[in-house]
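Visitor: Sharing a structure with you now.
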């Protein structure tokens, strides 16, 4: 087994990999920028080396510096985490050329799945259903208009390179198409250096359901069930769960078989995720894309399968066969993950960088916090503002939700704004509890919230007025008054008033 691994990443995912390495008795090397000198992953690693100024293109994306550090310090393998260099095939080739093992798929698999159009072509050849769309970049507005008319509106414009919702536009009618195409191409060029855009038929009220796959160097390919990832803002996932509230054993097996076909088609190795859009109307599903890396939401799969995906990544990279077969994979219970971001939900989820002045983490049965910060740590303006992958596990979905509600009430972060209050509200939402989800969930949630808040404020006002109206009543004897719990206390009243103030 490897004796020393370098983690070419930062934050919570670097900490996650370091923890797995510790359990496997593997020494770890961290890298850091000026902004991360006191970061948790730097404190946790056995060794840590400086790689440059805060901007990622001057630090975490400098693969020549990362490889130099690895060679100078007898590193045998590099784990890329996710983001940064995790899906950069050129980096993989340079790592291999340096005689170091890359913990991830081969560069050819990355390239095949890296472009959405090339991935669609591979899926079609493999016999996997895809959303009706083009397999070549749009060349002009006239080209886009002709294709859109052939599919019928609404359609979705997508950047061929990259992800995270960049270069993606939903077009409801022809009058929107020209500006949407220009904006999509411009954003794609700025984000990925490639303005190639293609068009797909938009699936109405789709669910975003993905299948975790795992492959080794011996030709073994398995799937580990699905994750429901429909709750998104700006096309980025914020709540994930496993299994999906709608998946039957039959649908899971069918989607899993398709995901394995995709993995086999590119001779995949390691952990990967095949993403699908699933119609909420008839449960038909369509290949969307493949992520050739570990996913942020991997903890929910680990919780319901009992398989440590990071440990398995390291074993497979060493050359060992998978430690499980398809028959060994059993989904038990239910898990939910909330991505805790340093963002202000009341201000369009804008980043909220700054110093964490207080940090109180939840504990108890079925609670897992994959965090990358500590009390006193600084959340930087330079990187993704996610501070934790927070998950709960229960014997069923209802228990997992109950535990998430309880744990989020215990979770305290001071000094910055976070998405914790937003998730508390999501866990109480009737549509969420009922499992009625689609990729437009947050839009609907915000609309429901606007309708409910005025009624709730009126109810609170009525309760406070009723309580105050009793203030002049003849007081009872002290002994009797101490046992009278029917009257709202000053604490309850002040709490209601404070809550009203927050809503205003």
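Visitor: Only residues that are assigned to a strand (DSSP E or B) and at positive phi: list them for the range 212-249, please.
Guide: Kept after step one, since they are assigned to a strand (DSSP E or B), are these residues of the range 212-249: 212-215, 221-233, 236-242.
Hit for the range 212-249 is 225, nothing else.
Visitor: Let me ask something else. Which of the residues spanning the range 161-180 are more than 19 Å from residue 232 (Cα to Cα) and out of contact with any strand residue (DSSP E or B) (no Cβ under 6 Å at 6 or more places or on another chain)?
Guide: We begin by selecting, within the range 161-180, every residue more than 19 Å from residue 232 (Cα to Cα); these are 161, 172-180.
Residues satisfying the conditions are 161, 172, 173, 174, 175, 176, 178, 179.
Visitor: What number of residues within the range 169-195 satisfy the criterion of being out of contact with any helix residue (DSSP H, G or I) (no Cβ under 7 Å at 6 or more places or on another chain) and either part of a helix (DSSP H, G or I) or closer than 20 Å to residue 132 by Cβ (or both)?
Guide: Looking only at the range 169-195, we keep the residues that are out of contact with any helix residue (DSSP H, G or I) (no Cβ under 7 Å at 6 or more places or on another chain), and these are 170, 172-173, 175-176, 179-180, 182-193.
Narrowing the set further to residues that are either part of a helix (DSSP H, G or I) or closer than 20 Å to residue 132 by Cβ (or both) leaves 170, 172-173, 175-176, 179-180, 182-192.
Looking only at that region, the number is 18.
Visitor: What are the pairs with Cβ atoms under 6 angstrom where one residue, in the range 415-439, is more than 10 Å from residue 340 (Cα to Cα) and the other, located anywhere, is in a loop (DSSP other than H, G, I, E, B)? Sequence gap at least six, or different chains.
Guide: 415/356; 415/357; 416/342; 416/352; 417/352; 435/245; 438/205; 438/280
Visitor: Being assigned by TED's automatic domain parsing to the domain that holds residue 238, part of a helix (DSSP H, G or I) and either over 20 Å from residue 15 (Cα atoms) or in contact with a helix residue (DSSP H, G or I) (Cβ under 6 Å, 6 or more places away or on another chain) (or both) is true for just one of 327, 320, 275. Which residue is that? I'd like the intermediate steps shown before the answer.
Guide: Details: 320 fails: part of a helix (DSSP H, G or I); 275 fails: part of a helix (DSSP H, G or I).
None of the others qualify; the one that does is 327.
Visitor: Looking at the range 1-13 only, could you name the residues that are outside any helix (DSSP H, G or I) and either more than 21 Å from residue 67 (Cβ to Cβ) or out of contact with any helix residue (DSSP H, G or I) (no Cβ under 7 Å at 6 or more places or on another chain) (or both)? Step through it out loud before you land on a result.
Guide: Residues of the range 1-13 outside any helix (DSSP H, G or I): 1-10.
Within the range 1-13, 1, 3, 4, 9 qualify.
Visitor: Let me ask you something else. Quick check, is residue 153 in contact with a strand residue (DSSP E or B) (Cβ under 9 Å, 6 or more places away or on another chain) and surrounded by fewer than 20 Cβ atoms within 10 Å (Cβ to Cβ)? Before the answer, list the steps.
Guide: Details: in contact with a strand residue (DSSP E or B) (Cβ under 9 Å, 6 or more places away or on another chain): yes; surrounded by fewer than 20 Cβ atoms within 10 Å (Cβ to Cβ): yes.
The answer is yes for residue 153.
Visitor: Regarding the range 288-311, can at least one residue be identified that is assigned by TED's automatic domain parsing to the domain that holds residue 406, modelled with pLDDT of 95 or more and in a strand (DSSP E or B)? Before the answer, list the steps.
Guide: Our first condition is that a residue be assigned by TED's automatic domain parsing to the domain that holds residue 406; within the range 288-311, this holds for 288-311.
When the remaining residues are screened for being modelled with pLDDT of 95 or more, the result is 290-311.
Now restrict to residues that are in a strand (DSSP E or B): 290-291.
Looking through the range 288-311, at least one residue is assigned by TED's automatic domain parsing to the domain that holds residue 406, modelled with pLDDT of 95 or more and in a strand (DSSP E or B).
Visitor: Here is a follow-up. Looking at 214, 192, which one is under 28 Å from residue 298 (Cα atoms) and assigned by TED's automatic domain parsing to the domain that holds residue 316? Full working, then the answer.
Guide: On the way: 192 fails: assigned by TED's automatic domain parsing to the domain that holds residue 316.
Residue meeting the stated conditions: 214.
Visitor: Given the conditions (1) touching a helix residue (DSSP H, G or I) at 6+ places or on another chain (Cβ under 9 Å); (2) farther than 14 Å from residue 310 by Cα, report the number of the one that residue 79 does not fulfil.
Guide: (2)
Visitor: Of 78, 69, which residue is part of a strand (DSSP E or B), modelled with pLDDT of 95 or more and more than 21 Å from residue 340 (Cα to Cα)? Steps first, answer last, please.
Guide: Working: 69 fails: part of a strand (DSSP E or B).
The unique qualifying residue is 78.
Visitor: If you go through the range 14-33 one residue at a time, how many are in contact (Cβ under 8 Å) with a residue 60 or more places away in the chain and assigned to a strand (DSSP E or B)?
Guide: Residues meeting the conditions: 1.
Visitor: Quick one: which helices (runs of 4 or more DSSP H) lie wholly within the range 81-159 and hold at least 1 residues that are without any contact (Cβ under 8 Å) to a residue 40 or more places away in the chain and under 24 Å from residue 33 (Cα atoms)?
Guide: Per the criteria, 89-97.
Visitor: Of everything in the range 430-448, what is outside any helix (DSSP H, G or I) and closer than 23 Å to residue 170 by Cβ? Give them in sequence order.
Guide: First, the residues of the range 430-448 that are outside any helix (DSSP H, G or I): 434-440.
Across the range 430-448, the qualifying residues are 436, 437, 438, 439, 440.
The values are calculated or read from the model by the stated rules, or taken from the named source; none is laboratory data. These figures come from a predicted structure and were not determined experimentally. Please note: Cβ atoms are built from the backbone with ideal geometry, for glycine as well, and neighbour counts cover all protein chains shown.
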